[in-house]
Amino acid sequence: TTIPAKKLENGVEMPYLGLGVYKMTDREEAIQAMTEALKVGYRAIDTAALYGNETEVGEAIRSSNIPREELFVTTKVWNTDQGYDQTLKAFETSLKKLGLDYIDLYLTHWPVKEKFVDTYRAIERLYDEKLIRVTGVSNHHQHHLEKIFVKANVKPMVNQIELHPYLSQKPLLNFCSENNIAVTAWGPLGRGKILEDETISDLAGKYNKTAAQIILRWHYQNDVITIPKSVTTSRIQENMNIFDFELSQEDVRAIDDLNKDFRTGQDPDNFHFDF
Ligand code: NAD
């Protein structure tokens, strides 16, 4: 299977599905999961300085022998490293740990008050210097993005936000779409907490797919990029097998209707800085 890609605002293509590697802190387990994913067809990996596994991401990439230009690597600047100069420094550290010449997508991890605009300006500079191919942010509400628009020459091309059937984020999705900002869902499976939902289970039966596949397909049909996390070989494979069936419009809407504004993580307007 080839994973389809979304064309971003500047023409760069980002795979609709990648491997999230949060909490993959065991070195062997992380390398094994990433290697498995690359073997079965994943081309995108979503890491962060916070996750402590950028070195392992680099190793898995190099030993896969997949040409660099076929891969899409995302990492993020952590909250304690924000601000213009500090972000440039944090980027260098990430680049070194990954052992790469450039990173595909670099994100502000959370909008740290008083700092996130300068952090984004540094990301913009990295883009001008061609050290990254795509600019972006994470956990930014509309009002954060609007503050960035005032100061930026290049709008963020991606916003990575918590998004799943219990937190459908429609207003923010619409705002991003109007501004040509692609949306990536983190916690796309609600961190595993939505897999037992009755509507989802019923649809799984109807389409002869798993609950995880129904949810990931729903994201895709809503034009949302996903980065599900798993270290289990069978699940890594299962999660990418969503491009051979289609949910009816009615069923997409039935999943849209499950929204209850339920966050598994923190609200970007009120988050603890250093968790
Ligand atoms: P997720 O929704 O991807 O859920 C992951 C959990 O679901 C796993 O622990 C696994 O137990 C289970 N799971 C995965 N596939 C399954 C399957 N097929 N069947 C049954 N269970 C399955 O949650 P996540 O890991 O929090 O999010 C994914 C990625 O998003 C992270 O790895 C990370 O890269 C990113 N992320 C970003 C932020 C941010 O602030 N930007 C925050 C959290 C996560």
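Rule-based calculations on the coordinates, nothing more; no lab input. Please read these numbers as outputs of a predicted model, since none were measured by experiment. Virtual Cβ from ideal backbone geometry, glycine too; neighbours counted across all protein chains shown.
Note the full-extension length gain between VAL40 and THR93 as 0.36 nm times their separation in residues minus their Cα-Cα distance, in nm to one decimal.
Extra length from VAL40 to THR93 when fully extended: 16.1 nm.
Which GluC sites (Glu not before Pro) in the stretch 205-275 sit in a loop by DSSP (not H, G, I, E or B) and have at most 16 other Cβ atoms within 10 Å of their own Cβ?
The qualifying sites are GLU246.
Subtract the Cα-Cα distance of GLU198 and VAL150 from 0.36 nm times their separation in residues, and report this length gain in nm to one decimal.
Numbers: separation 48, 0.36 × 48 = 17.28 nm, distance 4.42 nm.
That works out to 12.9 nm of additional length.
Would you mind computing, in nm to one decimal, how far apart the modelled labels at PHE243 and ASP256 are, each placed 7 Å from Cα along Cα→Cβ?
Simple spin-label model gives 2.5 nm for this pair.
Stokes-Einstein diffusion coefficient for the stretch 8-256 at 37 °C in a medium of 0.692 mPa s, Rh from the Kirkwood formula over Cα pairs: what value in µm²/s?
It comes out at roughly 179 µm²/s.
Could you tell me the relative contact order of the stretch 60-201? Use alpha-carbon pairs under 8 Å, at least six residues apart, and round to a whole percent. Intermediate values should be presented prior to the final figure.
Details: 204 pairs, mean separation 25.2, N = 142.
Result for the stretch 60-201 is 18 percent.
GluC sites (Glu not before Pro) within the stretch 89-124: which are DSSP loop residues with at most 14 other Cβ atoms inside 10 Å?
GLU114
Enter the mean projected area of the convex hull around the alpha-carbon atoms of the stretch 168-275, in nm², rounded to one decimal.
Mean shadow area of the hull around the Cα atoms is 8.0 nm².
Greater than 22 Å separation of Cα atoms is the criterion. Which listed pairs, LYS7/LYS209; LYS6/LYS260; LYS115/LYS193; LYS113/LYS155, meet it? Display every interim value, and only then the final one.
On the way: LYS7/LYS209 27 Å; LYS6/LYS260 28 Å; LYS115/LYS193 33 Å; LYS113/LYS155 19 Å.
The answer is LYS7/LYS209; LYS6/LYS260; LYS115/LYS193.
Round to a whole angstrom and tell me the spacing of the C-alpha centers of the stretch 226-257 and the stretch 18-56.
Cα centres, the stretch 226-257 to the stretch 18-56: 19 Å.
Between PHE273 and GLU129, with labels modelled 7 Å along Cα→Cβ, what's the label distance in nm to one decimal, could you check?
Inter-label distance under the simple model: 2.6 nm.
Rounded to the nearest 0.05, what FRET efficiency is calculated for GLN32 and ASN10 with R0 set to 45 Å and r the Cβ-Cβ distance?
Computed FRET efficiency for GLN32 and ASN10 comes out at 0.85.
Okay, helix-only estimate at 222 nm for the chain: each DSSP H run of n ≥ 4 adds -39500 (n - 2.57), divide by all residues, round to 500 deg cm²/dmol; what do you get?
Calculated mean residue ellipticity at 222 nm is -12000 deg cm²/dmol.
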